[in-house]
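Here is the structure we will look at.
The values are calculated or read from the model by the stated rules, or taken from the named source; none is laboratory data. Worth saying up front: this structure is predicted, and the values here are computed from it rather than measured. No Cβ is skipped: glycine too gets one built from the backbone with ideal geometry, and neighbour counts run over all protein chains shown. All accessible areas refer to the heavy atoms of the entire protein, side chains included, with ligands and DNA or RNA removed. Shrake-Rupley method; radii C 1.70, N 1.55, O 1.52, S 1.80 Å.
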Amino acid sequence: MRVRARVEGTVQGVGFRPYVYRLASELGCSGHVLNDARGVVVEVEADTKSVERFLARLPAEAPPLARIERVAAESVPVTGETGFAIRASPPGGEPSAAVTADTATCAECLEELFDPADRRHRYPFVNCTNCGPRFTIVRGVPYDRPLTTMAGFTMCPACAAEYENPLDRRFHAQPNACPECGPRARLVGSDAEDAVAAAASALRDGAILAVKGVGGYHRGCRADDEAAVAALRARKHREDKPFALMAPTVLAARALVALGPAEEDLLVSGARPIVLARRRPDAPVAAAVAPGAPELGVMLPYSPLHHLLLADVGAPLVLTSGNVSDEPIAYTDDDALERLAPIADGFLVHDRPIQTRTDDSVVRVVDERPLVLRRSRGYVPDSIGLPVTARRHVLACGAELKSTFCVARGSRAWVGHHIGDLQNYETLRSFVAGVAHFEALFAVKPEVVAHDLHPEYLSTKVALERDGVDLVGVQHHHAHLAACLAEHGETGQALGAIYDGTGYGTDGTVWGGELLRGDLCGFERVGSLFAVRMPGGEAAIRQPWRMACAWTQAAGVEAPAALAARPGWDEVSALARTGLASPLTSSVGRLFDAVAALCGLRSEITYEGQAAIELEAACDAAERGAYAFGPALDARPTVAAVVDDIARGTDAGVIAARFHNALAAATARALLEHGPDTVVLSGGVFANRRLLSRTRALLGEAGVRVLVPERLPPGDGGISYGQAAVAAASA
Ligand SMILES: [Zn+2]
Ligand SMILES: [Zn+2]
């Protein structure tokens, strides 16, 4: 018999055709396999038993990077074809979406890396069809060596033979390379033959090095070297933000943080994100790695260069993105040498260019489920399905902080890499270039452009500047709601609690504590946090004490004397009273700020969300008490109770816990009043483990279906996808 099978999903550029070739050959089937615009088409001919065996094994034994979404098989007439062939793709059709995410070095490549007898022993760029750089080296489609940053390297005969052989693990592995023909690492200013060994030796001696990785430069030093870490922190002008760590092995990671099964799965996954987990009290790291933070961000080596470096150093490293402050991660060699020179003692570089800068992804586990806080290297550009089919091609420009963009056509959306805060020329340039790159990679020619309602966001301005497109303005919190619904394939109505720092409301005030009933097409605001003034506008975001002033005034209570004695308190008080230059806000993020400032934990911040993060960190885990919340999410009684507790000398950890418990209970109660079947919890505030976990538990006890973002961030990194879903559903 003869069967034609169409395979859809991520099946191109992942070694699928050679896999089919090997399987068919093993089972004695003749026929052919080819890529086309929709995926892979296979025809196999043999006796019935062999064909059935082939169809059963086809999805079950697929290569590691393949993600099969559908196999449709049909009988076709026997042709008498002999042998099995990998055929060329038919011409025409849309360029295929063959670009996958960068993937951690596979076990087989690792074995070669550390095998003294192998020709790739200690070669920092070993890779194969199952692993290695992808998205970060792609310049265009089709995904073929000339359109990658490997174009300048000509394969030696040995590598070319692997590349041409369908039975080889490196068949059509575009970045295939070896010490003879591929990229080389170099320690700038040193003529060491083994640059990585020389770099490791410098690191062991306390140096701070800039290290070129897969998606950009890191700055690194030994994590247990007090002097080096303190110097790195001082030179980076980043006083408080925790540094990420790279541990040589899972075992070493376990010594740093408490890891559950879900955390370990993420750590060793092909995406290799930074996993935020509870730090061990005896974690062997310098104090300056994460001052006061109860969690550490840990990742494992994901490129051969990192594997060698960590193995040689033999201890965890601080590896923080190589930017000066909030600029994008440095990724070109000239840029890095210029920008990082003042803050690095040396440079471990290589000559494989990075096409697209891609930061490390960051994931936290809540209730044994992943919560992606930053989705970038390892995940981008994997497509995410849309539950509705976009009739026209879509571009969604996202928000402003932690910005991403999204392109979509049909029922697929591609969310871009984390760009950062879209507030300066550098990030804007990176945003615009990223959009153009994705439009080319995924054959999207936007006819509909979705944007935030905030007129001052650069992303909104980019959208408005596009000619000949239909614009769709999407309210910020509706986009959060829609993103979560769409990710879970939900097209019906849900009730969402969307809590974040700032979003432009439809009434011109600053929203951020919203109960929205809606679907992908629209929403109604059924409730919101009691609104108070943001004294001095934006300044209140950087200075949480201003929010403490506004909230105590709204609650009609005296602020703690230490706060009220601050310089500027009276002026800010007057702003809050008169409303001059002080918009109303229903933001839950700002309420967290107020409580953190009242507790004396944080009155000024150096990075977004810091006060809320520290308030969560301060929580006394054993505390079960909760403050009262007024009806309709009125936090004035809550703030009054906080101030009472402070006056009584209650510990800040107890106050923090009671506040979290109160907000979770009030949120669940406010949602349940509306009798929802399905509830969405999203917005950046729900990156808070305690709040999310408790609110979810209370809703679960009431028998409500709870949806929470998993593949995309609950924060503004998920906004672009939500906008795309709204545009697809309504335009
Ligand atoms: Zn490999
Ligand atoms: Zn070679």
Based on C-alpha coordinates, I'd like the Rg and Dmax of the stretch 138-266, in Å. 19.3, 53
Based on the alpha-carbon set only, what is the convex hull volume of the stretch 202-318 divided per residue, in Å³? 94
Give the relative contact order (percent, whole number) for the stretch 586-682; include only Cα pairs under 8 Å separated by 6+ residues. 28
Quick calc, the chain, dipole around Cα centre from Cβ unit charges on Lys, Arg (+) and Asp, Glu (-), nearest 20 debye, gives 540
How far is it, in nm, from the label point at R235 to the one at A562 when both lie 7 Å from their Cα along the line to the Cβ? 3.5
Any idea what angle helix 588-598 forms with the longest principal axis of the chain, computed on alpha-carbon atoms, 0 to 90 degrees, nearest 10? 60
I need the GluC sites (Glu not before Pro) found in the stretch 151-200, filtered to DSSP loop residues with at most 13 other beta carbons within 10 Å of theirs. E180, E193
Per residue, how much accessible area does the stretch 305-447 have with a 1.4 Å probe, in Å²? 32
Can you give me the Cα centroid spacing of the stretch 684-708 and the stretch 284-306 in angstrom? 28
Tail beyond 20 Å, pair distance distribution of the stretch 436-518 (Cα, percent): 45
Residue by residue through the stretch 640-657, the couplings from Karplus 6.51 cos²θ - 1.76 cosθ + 1.60 with θ = phi - 60°, in Hz, x for Gly and Pro, are 4, 5, 4, 5, 4, 4, 5, 4, 7, x, 5, 4, 4, x, 5, 4, 4, 5
Based on the Cβ-Cβ distance of D367 and L167, what FRET efficiency does E = 1/(1 + (r/R0)^6) give at R0 = 41 Å, to the nearest 0.05? 0.35
With only alpha-carbon atoms in the gyration tensor, what are the semi-axes of the equivalent ellipsoid for the stretch 603-686, in Å, largest first? 23, 17, 12
I'd like the distance between the alpha-carbon centres of the stretch 9-46 and the stretch 520-554, rounded to an integer number of Å. 57
Roughly how many nanometres apart are two label points built 7 Å out from the Cα toward the Cβ at E701 and A433? 5.2
Under a 5 Å amide H to amide H cut-off, with H placed in plane at 1.01 Å, what residues pair with L373 once short-range neighbours are removed? V362, V363, R364
Could you estimate the translational diffusion coefficient of the stretch 358-495 from the Stokes-Einstein equation, with Rh from the Kirkwood formula over C-alpha pairs, at 4 °C and 1.567 mPa s, in whole µm²/s? 84
Rounded to the nearest 5, the percent of DSSP beta bridges in the chain running antiparallel is 75
In whole percents, the bins of 10 Å from zero upward hold the Cα-Cα pairs of the stretch 260-375 as 11, 38, 39, 12, 1
Largest-first principal axis extents, alpha carbons of the stretch 517-638, Å: 47, 42, 29
Per principal axis, largest first, the Cα atoms of the stretch 581-731 extend in Å by 55, 37, 30
Return the loop-located GluC sites (Glu not before Pro) in the stretch 435-540 (DSSP other than H, G, I, E, B) with at most 12 other Cβ atoms within 10 Å of their own Cβ; answer none if there are none. E456, E465, E538
May I ask you to give the percent of accessible area on the chain that is carbon plus sulfur, with a probe radius of 1.4 Å? 51
Based on the Cα coordinates of the chain, what is the per residue volume of their convex hull in Å³? 164
Qualifying GluC sites (Glu not before Pro) for the stretch 588-640 [loop in DSSP, other Cβ within 10 Å: at most 14]: E604
Estimated FRET transfer efficiency when R0 is 45 angstrom, pair R6-S693 (beta carbons, to 0.05): 0.60
Before anything else, pin down the relative contact order of the chain: Cα pairs under 8 Å, at least 6 apart, normalised by residue count, whole percent. 11
When the charge dipole of the chain is computed with +1 on Lys and Arg Cβ and -1 on Asp and Glu Cβ about the Cα centre, the Cα farthest towards its positive end, among F530, P242, A173, belongs to F530
In nanometres, what is the gap between the two model label sites at E604 and K445, each 7 Å from Cα along Cα-to-Cβ? 5.3
Given the C-alpha centroids of the stretch 567-610 and the stretch 422-462, what is the distance between them in whole angstrom? 32
In square nanometres and to one decimal, what's the mean projected area of the convex hull around the Cα atoms of the stretch 591-634? 3.8
Can you give the convex hull volume of the alpha carbon atoms of the stretch 1-157 per residue, in Å³? 141
Contour minus end-to-end for D677 and D205, with contour as 0.36 nm per residue of separation and end-to-end as the Cα-Cα distance? 164.0 nm
Mean residue ellipticity (222 nm) of the chain, computed from DSSP H runs ≥ 4 via -39,500 (n - 2.57), nearest 500: -9500 deg cm²/dmol
Counting Lys and Arg as +1 and Asp and Glu as -1, what is the net charge of the other residues whose Cβ lies under 11 Å from the Cβ of P133? +2
Considering only the other residues whose Cβ falls under 14 Å of the Cβ of P261, what net charge follows from Lys and Arg at +1 and Asp and Glu at -1? -3
Over the chain, how many pairs of lysines fall under 29 Å by alpha carbon, counting only those 8 or more apart in sequence or from different chains? 8
